[in-house]
């Protein structure tokens, strides 16, 4: 891969999506950052883990022309295989992507300047303005994994008069989080598990820093609104005990809103396109009754709760 | 909300004339009775003035057609002897068209012989003969090459019959007759004093036309009385006391209306229904109902339901539902070969609700606006079609009720932008502000005033921009047939710049406009001569005033020309500009070769043309070319005229032309192959070429100057998960309002349902951009594994 060698600050962006309604107030754009300090084994966006380009292979779009194999210097293309790419040999040169005419091979990741991202999100301003507190949400990956770029982007969005939100796992230095918070109207803060060991098992890291960051952020003056989100993972954190502990904890921090995000099995295609295994194949969304009981539990603590994050 | 038992039964028993696969949803046949009556009278009245012959023919049919009242009906009357019957106007329909229907077996077998006799009689008297003898051979050849590059001569000459129905509701037909009788006296006197000259001819014409109107009005009153008599007889024999009472009521109502002013909501709807059938279906088959349904009955609704409380709201709802089901029973015959590509209803009944009041521009919504939405919600039908006129101060309750129906997936009422409609009516067609504010949709999506200038002519035709572009590539030759049908605009390989090529396209387009406008005008004149409308004339203030048949009374022109597939033409021009003229990656000769070969053997090149910039991504490079194309088309249209000397505007309407043109329009530089559908929506981006997202697509469409277009429909698919719950609804409303504030003319949503998803599973190439969204995650549906798709389909059904 060719790293961008200019002085200008750039961020590696996976995707910018318009018409987002599940991640903050109003009508929004979502900026998906690449790179994440966590490796949650259920992750919905595995293509955003690395702070590097990724190649995805969509078997259905492939017409079998074989040009990718011809052009690959590393010998990483395995013809007639549903994986297509030997990831251990691939050097991310992107030649195969460039030669593919049907987009069966596609690149994830674009190094963009703040101005470039801003130009994309600003075109949708009439929609932000036409809705209640619509604007931009940084997501990922973890936006704070590219701290300078994320903070600079938020600052510029704010200066452009946009409502700003950040969807974060909370695993960053407190200074970074605080710097971001200065330009934020809303933080969507993930709490994946209250138990430290379980958290480490599922995400690869302890939840200590995440909790400390949240507690400190809550004490700051002029803190943006904080909404806690729990991605409900079957058999991992969707039991009553974990939810009750999480609810008690956020209640003690005087946080008012909670989003329970039901599991969805959609990412399986992405794992396949990236040639990665996924441990949650075949798992289903939680039953409505279970979701409702968790919601009731949280509401008993006076929290405003959604299932799915649409508010 | 649930249908009443009566309406539930009626819905089951009613006979919609919808197509399904190769037939109709219920058995139907072509009724011969009107054709028989008109032919009989035509034979008997040779030499008499045409308007009088037409009035006598109408009277003959109304006096003799067998009538019926069905067990659950509160509103009575039908255009033929049986709900399964389809209407046809033998005098104004192309004979081959009827012959095809006979060959399909859609007539009573014992009547085939008589059909052939009737066809033979009209062979030298019908509209078809008039056209054949008035158009040049070349014009005829072009006009008859249907679905090639223009469609200008309809095979069934269905007209607009946008009468001033309030005249009947307020005055009754007797009131109109009184006006006409006064005219008779005045004309008799004028004749006595006339010294000859043109005036004598004029007076004579007026006397004939007024006499014809009186004959027609009296015939419709007699027809209503026949229903009254039938109801009275049935009431006598009815055992069920409740039904007996209803029949007695029906008998009283039909004795009173439409002869006299309506006294109640029930009477108003009944009066309108019979009047409508007589002028809109029977006298000459028409399409496009063009009425503000929540305004026309409001006076009676308000009195009965709101002020006097003599009619419970549920009863009014039931009457409205029965009325809508009756409209749904209307239909036009079509031969089998057409039915295959036209699924659903073809009658195209369109009503308008909401909007502003003509006199002061204040909001016009009322409880009937909501009642109609309630009726649609309960009936869950997509025909008749409704448009809701949105403006910034529109009643929020009515607006939300409309959005609620859109969200539930009914797909209607679609939402029209009041400001755009009013601007075009004033700026382009020259109506007054008050007239403009009275608009209702005429035809399918085009606004027309409902006061002062109701329409009686068919003022629209169709050209195919993508086909005309194809003619430009091949210097006037149709590559699918090898015939030279266009004009020579130069060898495309000689065009050195994009501008040169675009000018050639403009020339080709201008020629098609000239040719089609000329043919259209002459065809209209033929229809005017043959198809006088004595009854419709009695429903127009301006013909009551002029004493002439409405076909001989000046109309303020308001023509438009449909441009289905315009987005394919835009996308083709964009790809061409990019790859041939700007990047010079391909030469024009290579493009011509690839198009001639229908892209066979040019797959790599085709992918380049597919991946080139396209309309619908808020990309200025692409959108500038689209703007230029739209502007050129509007400009070339402004140079031609219709029969009223008015110039048409383009209308972005597609209906089902995307199928019917598929095998007529050859390969295009947007990557399309011969046989592929054209873009399915007026100004919506081509499916799959809107690569960014819903908002970007809207922003592209907003760049086109909608005030220079007659109307333009924008379709968008939405996922149910984005609009669910109270929060989702609020965001949906904000989204729609933003779109309207951006100046789009008309929007309609398809909430993606399980059926669509299943189709996407089968045909992923049709839905490359269908995005499934849940929190923090987005993925393209077609890239998912089958079992995941199945899970989503399952959930989608669950959500809806």
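Those residues that are within 26 Å of the chain's Cα centre (by Cα) and away from chain B (no Cβ under 14 Å), I need them from the stretch A:47-69; list them, please. Across the stretch A:47-69, the qualifying residues are A:49, A:50, A:51, A:52, A:53, A:54, A:55.
Out of A:188, A:184, I need the residue that is touching a residue at least 60 places away in the same chain (Cβ under 8 Å), closer than 24 Å to residue A:135 by Cα and in contact with a strand residue (DSSP E or B) (Cβ under 8 Å, 6 or more places away or on another chain). Which one? Result: A:188 is the single residue among A:188, A:184 that is touching a residue at least 60 places away in the same chain (Cβ under 8 Å), closer than 24 Å to residue A:135 by Cα and in contact with a strand residue (DSSP E or B) (Cβ under 8 Å, 6 or more places away or on another chain).
So in the stretch A:129-142, with the set limited to residues that are farther than 22 Å from residue A:46 by Cβ and surrounded by 24 or more Cβ atoms within 10 Å (Cβ to Cβ), which one is nearest to the other protein chains (Cβ to nearest Cβ)? Break it down into steps so the answer makes sense when it comes.
Keep residues of the stretch A:129-142 that are farther than 22 Å from residue A:46 by Cβ, which gives A:129-136.
Those left that are additionally surrounded by 24 or more Cβ atoms within 10 Å (Cβ to Cβ): A:134-136.
Numbers: A:134: 8, A:135: 13, A:136: 13 Å.
By that ranking, first place goes to A:134.
Taking residue B:700, is it within 27 Å of residue B:562 (Cα to Cα), away from every other protein chain (no Cβ under 13 Å) and in contact (Cβ under 8 Å) with a residue 12 or more places away in the chain? No, not satisfied. When you look at residue A:14, is it surrounded by 14 or more Cβ atoms within 10 Å (Cβ to Cβ), at pLDDT below 95 and within 28 Å of residue B:764 (Cβ to Cβ), yes or no? So residue A:14 does not fit the description; no.
The helices (runs of 4 or more DSSP H) found entirely in the stretch A:206-311 that carry 1 or more residues being within 14 Å of chain B (Cβ to nearest Cβ) and within 27 Å of residue B:726 (Cβ to Cβ) are A:288-299.
Based on this model, can you work out whether residue B:652 counts as in contact with a strand residue (DSSP E or B) (Cβ under 6 Å, 6 or more places away or on another chain) and either within 14 Å of chain A (Cβ to nearest Cβ) or within 23 Å of residue B:464 (Cα to Cα) (or both)? Judged against the criteria, residue B:652 is a match.
For the stretch A:27-37, which residues satisfy the criterion of being touching a helix residue (DSSP H, G or I) at 6+ places or on another chain (Cβ under 9 Å) and more than 7 Å from chain B (Cβ to nearest Cβ)? Listed by number, the residues that qualify are A:28, A:29, A:31, A:32, A:33, A:34, A:35, A:36, A:37.
Please enumerate the residues belonging to the stretch A:85-98 that are outside any helix (DSSP H, G or I) and without any contact (Cβ under 8 Å) to a residue 60 or more places away in the chain.
Passing the criteria: A:86, A:88, A:89, A:90.
Name the residues in the stretch B:625-651 that are assigned to a loop (DSSP other than H, G, I, E, B) and more than 24 Å from the chain's Cα centre (by Cα), would you? Answer for the stretch B:625-651, where residues must be assigned to a loop (DSSP other than H, G, I, E, B) and more than 24 Å from the chain's Cα centre (by Cα): just B:639. The one condition from (1) surrounded by 20 or more Cβ atoms within 10 Å (Cβ to Cβ); (2) without any contact (Cβ under 8 Å) to a residue 40 or more places away in the chain; (3) farther than 23 Å from residue B:563 by Cα that residue B:715 does not meet is (3). Of everything in the stretch B:498-538 that is within 21 Å of the chain's Cα centre (by Cα) and outside any helix (DSSP H, G or I), the residue that is surrounded by the fewest Cβ atoms within 10 Å (Cβ to Cβ) is B:531. Of all residues in the stretch A:15-26, those satisfying the criterion of being over 10 Å from residue A:135 (Cα atoms) and more than 7 Å from every other protein chain (Cβ to nearest Cβ) are A:15, A:16.
Scanning the stretch A:70-83 for residues that are assigned to a loop (DSSP other than H, G, I, E, B) and away from chain B (no Cβ under 14 Å) gives A:72, A:73, A:74, A:75, A:76, A:78, A:79, A:80, A:81, A:83. The criterion of being under 20 Å from residue B:639 (Cα atoms), at pLDDT below 95 and not in a helix (DSSP H, G or I) holds for residue B:555. Every listed requirement among (1) more than 29 Å from the chain's Cα centre (by Cα); (2) crowded, with 16+ Cβ neighbours inside 10 Å is met by residue B:164 save one, (1). Taking the stretch B:300-328, which residues are in contact (Cβ under 8 Å) with a residue 12 or more places away in the chain, assigned to a helix (DSSP H, G or I) and farther than 16 Å from residue B:378 by Cβ? B:300, B:301, B:302, B:303, B:304, B:305, B:306 - these are the residues of the stretch B:300-328 that are in contact (Cβ under 8 Å) with a residue 12 or more places away in the chain, assigned to a helix (DSSP H, G or I) and farther than 16 Å from residue B:378 by Cβ.
Let's see how each residue does on (1) surrounded by fewer than 16 Cβ atoms within 10 Å (Cβ to Cβ); (2) assigned by TED's automatic domain parsing to the domain that holds residue A:206; (3) under 30 Å from residue A:61 (Cα atoms):
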| position | (1), (2), (3) |
| --- | --- |
| A:89 | yes, no, yes |
| A:93 | no, no, yes |
| A:96 | no, no, yes |
| A:101 | no, no, yes |
| A:121 | no, yes, yes |
| A:144 | no, yes, no |
| A:169 | no, yes, no |
| A:176 | no, yes, no |
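Restricting to the stretch B:575-624, name every residue that is under 18 Å from residue B:682 (Cα atoms) and not in a loop (DSSP other than H, G, I, E, B). Across the stretch B:575-624, the qualifying residues are B:622, B:623, B:624. Inside the stretch B:560-574, residues that are part of a loop (DSSP other than H, G, I, E, B) and at pLDDT 95 or above make up a count of 0.
The rows are residues; the columns are (1) modelled with pLDDT under 95; (2) crowded, with 23+ Cβ neighbours inside 10 Å.
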| position | (1), (2) |
| --- | --- |
| B:245 | no, no |
| B:253 | no, yes |
| B:271 | no, yes |
| B:285 | yes, yes |
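Applying the condition of being assigned to a helix (DSSP H, G or I) and out of contact with any helix residue (DSSP H, G or I) (no Cβ under 8 Å at 6 or more places or on another chain) to the stretch B:189-198 and asking which residue is surrounded by the most Cβ atoms within 10 Å (Cβ to Cβ) yields B:189.
The values are calculated or read from the model by the stated rules, or taken from the named source; none is laboratory data. Predicted model only: the values in this text are computed from it and were never measured. All Cβ positions, even for glycine, are placed from backbone atoms using ideal geometry, and neighbour counts span all protein chains on display.
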